[in-house]
Amino acid sequence: MQWDAGKLWRTYIMLTDLEAVFRSLKSELGLRPVYHHKEIRVDGHLFITVLAYQFVQIICRQLKEHGIHDRWSTLRNILSVQYHVTASFRRANGGNLHIRKTTRPETELAQIYRALDLDLLPGGVQRTLI
């Protein structure tokens with residue numbers, strides 16, 4: 001009853017963001033549904049969920065410091081466009097060569113990587129001879 005309109009609105013936005021992040025994490029991390037029959041498993045489940053949420057908040061805070069104010073759902077969509085591609089070649093000696101490389105990030109994704117001080121091509125190039 002003592003909150004002003006600004007504080008009430010910020011709290012509402014925070015709660016809707018919290019719900020959206022939890023929904024996302026539960027589906028992506030397989031944290032739902034919960035069918036635990038022992039309290040220690042429920043505690044572990046809740047711990048992982050809250051820990052994952054904290055990571056999301058740390059990432060979002062770092063991005064905001066670099067002028068990126070997107071919601072988690074938008075960030076997930078931006079992050080989902082980069083892939084690892086594997087090309088396989090048959091060698092003259094009958095063996096195989098597999099080369100695995102990450103695709104180049106699109107502009108928005110590259111901005112996120114730079115803001116988080118991450119490699120633009122995670123995983124580098126991997127060559128496997130079989």
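Annotations
- Residues of the stretch 1-33 that turn out to be on the phi > 0 side of the Ramachandran plot and at pLDDT 80 or above, as a count: 0
- Condition check for G123: touching a Lys or Arg at 6+ places or on another chain (Cβ under 8 Å), surrounded by fewer than 11 Cβ atoms within 10 Å (Cβ to Cβ), assigned to a loop (DSSP other than H, G, I, E, B) and not assigned by TED's automatic domain parsing to the domain that holds V21: yes
- Qualifying residue in the stretch 65-77 (condition: among the aromatic types (F, W, Y) and touching a residue at least 12 places away in the same chain (Cβ under 8 Å)): yes
- Scanning the stretch 55-84 for residues that are exposed (fewer than 10 other Cβ atoms within 10 Å of the Cβ) and either at pLDDT 90 or above or under 24 Å from E19 (Cα atoms) (or both) gives R61, E65, G67, H69, S80.
- Residue ID - nearest to Q62 (Cα to Cα), chosen from residues in the stretch 88-120 that are of a type in the set (V, I, T) and not in a strand (DSSP E or B): I112
- Residues of the stretch 78-87 that turn out to be assigned to a loop (DSSP other than H, G, I, E, B) and touching a residue at least 24 places away in the same chain (Cβ under 8 Å), as a count: 2
The values are calculated or read from the model by the stated rules, or taken from the named source; none is laboratory data. All of these numbers come straight from a predicted model, not from anything done at the bench. Cβ atoms come from the backbone with ideal geometry, glycine included; neighbour counts cover every protein chain shown.
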